[in-house]
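The values are calculated or read from the model by the stated rules, or taken from the named source; none is laboratory data. On a predicted model such as this, the values are computed, not experimentally measured, just so you know. Counting neighbours? That spans all protein chains shown, and the Cβs are built from the backbone with ideal geometry, glycine included. These accessible areas exclude ligands, DNA and RNA; they are computed on the full protein's heavy atoms, side chains included. Shrake-Rupley method; radii C 1.70, N 1.55, O 1.52, S 1.80 Å.
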Amino acid sequence: NIWWLGGLPPCSKTIIVERDDMDVGYSSYKTIFRQPGYDFTYNQRELGWRIGLTRYLQEHWEFVLPKSQVHRVKYEELVADPTAAVQGMLSFLGLPFHEPCTRPHEANTALVTSGAIEVREPISPYHGGHDGGIPRS
């Protein structure tokens, strides 16, 4: 959660996966959350405000924290070339490349997420985003 990022220990590293704001909004708005605390996703005005605030906080932390602590990955780049994106993230964390990280859908672990079905599928640009019919500014 981007809100508490500044309270992490100085040795912490953070990876921000940046996704198109329209895709984030549409994906959140159409999802039926069963957990409490997500009522804002059904109100387009509040959802848009929170997306904007999150973007502002991401840029703030990226500006004030040392470059060695924050790594940004564009979602579109991650789905276009998972191997390169994963190599970049693991390198940022000081870890060797581990090829299975490019195939999270093959992991046999328990999941608690609204996107559990999508996580069990290969990385793809088609999950959760809008259908392309929404005009972009």
The percentage of the accessible area of region 1-54 (probe 1.4 Å, all protein chains present) made up of carbon and sulfur atoms, to the nearest whole number, is 55
With +1 on the Cβ of every Lys and Arg and -1 on the Cβ of every Asp and Glu, the dipole magnitude of region 14-96 about its Cα centre, in debye rounded to the nearest 20, is 220
In nanometres, the difference between 0.36 nm per residue of separation and the alpha-carbon distance of Arg45 and Ala84 is 10.4 nm
Distance in nm between Arg34 and Leu57 label points, each 7 Å along Cα→Cβ, equals 2.6
Expressed in square angstrom to the nearest 10, the accessible area of Asp81 with a 1.4 Å probe stands at 70
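Could you give the size of the charge dipole of region 1-59 about its Cα centre, using +1 on the Cβ of each K and R and -1 on the Cβ of each D and E, expressed in debye and rounded to the nearest 20?
On the way: 7 positive and 7 negative charges, 33 e Å.
The calculated dipole for region 1-59 is roughly 160 debye.
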Under 5 Å from the placed amide H of Arg72, counting only residues 5+ away or on other chains, we find Ile16
Given backbone amide H placed at 1.01 Å from N, residues whose amide H is under 5 Å from that of Leu8, ignoring those fewer than 5 places away on the same chain, are none
Between Ala107 and Arg72, the FRET efficiency computed from the C-beta separation at R0 = 30 Å comes out, to the nearest 0.05, as 0.80
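Leaving out ligands and nucleic acids, note down the accessible area per residue over region 1-113 with a 1.4 angstrom probe, in whole Å². Intermediate results must be reported in sequence, preceding the final value.
On the way: 7620 Å² over 113 residues.
Heavy-atom accessible area per residue stands at 67 Å².
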